[in-house]
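Visitor: Below is a structure I'd like to ask you about.
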Amino acid sequence: MEVWEKVFVDDAEFAYSTHGEVGCVICHGGDSAAADKDTAHAGVVSDPSDVSCITCHSDVAHVNDLSLHTNLTGMISALEARGGDMSEGSELYTAFQNHCSSCHTTCGQCHVSRPEESGSGLVSGHEFRQTPSMQYNCIACHGSRIGDEYLGQNEGQPADVHWTQETMLCTDCHSVALHGSSTGATNRYDNPAVIQCEDCHADVLADTSDNPQHEQHLDDLSCQVCHAVAYKNCYSCHIALDEEGQPCRVSEPSVIQFEIGYNPIQSAERPYDFVVLRHVPTCTGTCDYYGTNLLPDFDAVSTWKYATPHNIQLDTPQNASCDACHTDIGIFLTEDDIRPEERAANEGVIITEFPEPVGE
Amino acid sequence: MKRLALVLPALVLFVALAVLGCTNKGLVGPTPRADDTVVSCVTCHSDKATLQEVASPEPEATTSAETTGEG
């Protein structure tokens, strides 16, 4: 996208829209009476979301302060759970500021422009879109794992049935929950408003009589155990500053795998014993550039995390028959799948008892 | 007489509405227009040629070339 395109208001009628009536300088600052560009743009704030939106949309904006998209609590809580010192000025805090803090979004970066992390630029003139663009907003950040899975861009893996059959957009499932919950959350599943499969597929719960697999496993397996296919896993991310002082990260190539393990976040909403797990890029040496042992309690949190791959299928290799799953040890997370330095962290999710073959 | 009693109030009501419609400009009017401030900003930002002409080079990317792997 050319730099001029990023600020091109392709529909002059915007000036007469509700937001246009407010006036550009009210939100963005600057000097509208100036004749030259530099004077006109002195003091301009390109993304004034933090102070402007709340003026009229306080109901949403206040809740949004508690959204993981805004406050990055998901990342911060994971680091703190591993014993990380996130107090201002600490080595880990510096690392976080250099590498992680830019990976958040604002009202405007979902509803007006592309996220800063993906290069910014207005999505559709200066139109305020109640529903963010799947392509330019959601996938702009969530592309390498979720986007690739959903659209079938992982080699050899099909696209999600919700996309291929219904062309559902991200916001068809992920709506109000994206603005956070009133109680705050420490991870993406820690929000009562987060959608679950059964919110739409209630019929599956209501009557299992015509499906012996549902009858047997509805309570102990998450839906993805039977209906997801292999997905992307990332390993060994190391962060540092390069010779010019720019933040960089180095990680191994991602791996397409499918691993079933024990549920690390079992709760009333997610009571399953077995779930699909995804390896996150974190490793014991992720922050070593900034200091030694910055995550002293690394083993407190598994590196194989509860996952909901977005490549759902009605028929999958593992649900073809009972024994397609019961006899395929390769789809279960075992000690051999885990790097020695991460075994202690994943003790709670490694499968230790395998299902018996049932001869079907 | 009865017919006059019906027609007269209707006539009075019609005249009242007509007068109100012609004199109360607050009820109907043009859509409010944006002020000059808005127009002046949008004038430039909706002019492709102007934007192309005055565009400054984009700041260099802050992501290091040494970055590898997926984010």
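Visitor: What average count of beta carbons from other chains do you get within 10 Å of the Cβ of residues in A:9-22?
Guide: 5
Visitor: Output the relative contact order of the stretch A:50-162, whole-number percent, from Cα pairs under 8 angstrom with separation of 6+ residues.
Guide: Dividing the mean separation by the residue count of the stretch A:50-162 yields 14 percent.
Visitor: Among the aspartates and glutamates, select those whose C-alpha is under 16 Å from the C-alpha of A:K232, and discard any that sit fewer than 8 residues away in the same chain.
Guide: Within reach: A:D148, A:E149, A:E155, A:D160, A:E252, A:E259, A:D337, B:E70.
Visitor: With a 10 Å radius around each residue's Cβ, average the other Cβ atoms per peptide and rank A:263-271, A:232-240, highest first.
Guide: The packing order, highest mean first, is A:232-240, A:263-271.
Visitor: By average Cβ neighbour count within 10 Å, what is the ranking of A:59-71, A:200-212 from highest down?
Guide: Per-residue Cβ counts within 10 Å, averaged per peptide and sorted highest first, yield A:59-71, A:200-212.
Visitor: Compute the whole-percent fraction of alpha carbon pairs in chain A spaced more than 30 Å apart.
Guide: The answer is 47 percent, as a whole percent.
Visitor: Moving to a separate point now. Summing +1 for each Lys or Arg and -1 for each Asp or Glu, what net charge is found among the other residues whose Cβ lies under 12 Å from the Cβ of A:R145?
Guide: With Lys, Arg at +1 and Asp, Glu at -1, the neighbours total 0.
Visitor: Just checking the output field for B:45-51: average partner chain Cβ neighbours within 10 Å of each residue's Cβ?
Guide: Shielding by partners across B:45-51 averages 6.
Visitor: Of the options A:G184, A:L218, A:T286, report the single residue whose Cα projects farthest towards the positive end of the charge dipole of the protein assembly as shown (beta-carbon charges: Lys, Arg +1; Asp, Glu -1).
Guide: Projecting each Cα onto the dipole axis, the largest value belongs to A:G184.
Visitor: Could you give the size of the charge dipole of chain A about its Cα centre, using +1 on the Cβ of each K and R and -1 on the Cβ of each D and E, expressed in debye and rounded to the nearest 20?
Guide: The dipole magnitude comes to about 640 debye.
Visitor: What value, in deg cm²/dmol to 500, does the helix sum -39500 (n - 2.57) over DSSP H runs of n ≥ 4 give at 222 nm once divided by the residues of the protein assembly as shown?
Guide: Per the formula, -7500 deg cm²/dmol.
Visitor: Before anything else, pin down the relative contact order of the stretch A:212-360: Cα pairs under 8 Å, at least 6 apart, normalised by residue count, whole percent.
Guide: For the stretch A:212-360, the relative contact order is 27 percent.
Rule-based calculations on the coordinates, nothing more; no lab input. Nothing here was measured: the structure is a model prediction, and the numbers come from that model. Neighbour counts run over all protein chains shown; Cβ positions are idealised from the backbone, glycine included.
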